Amino acid sequence: MTVVADTGPLYALVDSTDAWHERVLSWWRANRKPVLVPVCVLPEVCYLLHTRISSDAEAAFVRAVADGEFAVEALESEDVTRAVTLIAKYADLGIGFVDATVIATAERVDAVEVLTTDRRHFSAVRPRHTSALRLSP
């Protein structure tokens, strides 16, 4: 079963001072399931790495993506359409485009597990394909 990754854990993998670093690193080492990174997550991770750590950290992450260390999932038109619905439905929570496309991607690939540090948004959403998403780590 595939796991869909959000921004927070990918950032936490790199930043050893992040509160989630050890949990994410432990999960990553123990995980045997494929991890899919929606392409919309990449700019957020890069921005955080660049502004919070350094341009070298951003470049290293981009290099890892280019080297195939992360399976990147393209954004499909149905994901954008679904994101519009999710953003409107959960407007009171302030779910943005990236979170909405992570959820839409999970629905499309039939993934029930999301790798995220964002418990507030992802625990509130009721996806179409399962009663709730399983949040890791």
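Here, each number is a calculation from the coordinates, and none is a lab measurement. Everything quoted here is computed from the prediction, not taken from an experiment. Backbone-built Cβ (ideal geometry, glycine too); neighbour counts: all protein chains shown.
Miscellaneous remarks
- Separation between Cα centres of the range 109-137 and the range 7-80, rounded to whole Å: 17
- Local net charge near Ala60, Cβ-Cβ under 11 Å (Lys/Arg +1, Asp/Glu -1): -3
- Summed side-chain charge close to Val24 - residues other than Val24 whose Cβ falls under 13 Å, Lys, Arg +1, Asp, Glu -1: -3
- For the pair Ser16 and Val62, a Förster radius of 30 Å applied to the C-beta separation gives a FRET efficiency near 0.95, rounded to the nearest 0.05.
- Degrees, to the nearest 10: 97-109 long Cα axis against longest axis of the chain: 70
- Each Lys and Arg contributes +1 and each Asp and Glu -1, all at the Cβ; summed about the Cα centre of the chain, the dipole is approximately 480 debye.
- Rounded to two decimals, the Cα-based Rg/Rh of the chain, with Kirkwood Rh, is 0.95.
- Helix-only CD estimate at 222 nm, as mean residue ellipticity for the chain, using -39500 (n - 2.57) per DSSP H run (n ≥ 4): -15000 deg cm²/dmol
- Nearest-ten-degree value, helix 55-66 long axis tilted from longest Cα axis of the chain: 60
- Annotation: amide H of Glu73 within the under-5 Å range of Val37, Val39, sequence separation 5 or more or interchain, hydrogens built in the peptide plane.
- Derived value for the range 67-137: Kirkwood hydrodynamic radius 12.4 Å. Basis is the mean of 1/r over every pair of different alpha-carbon atoms.
- On Cα atoms only, tilt of 21-30 relative to the major axis of the chain in degrees: 80
- Value of relative contact order over the chain, rounded to a whole percent, pairs C-alpha under 8 Å and six or more apart: 30
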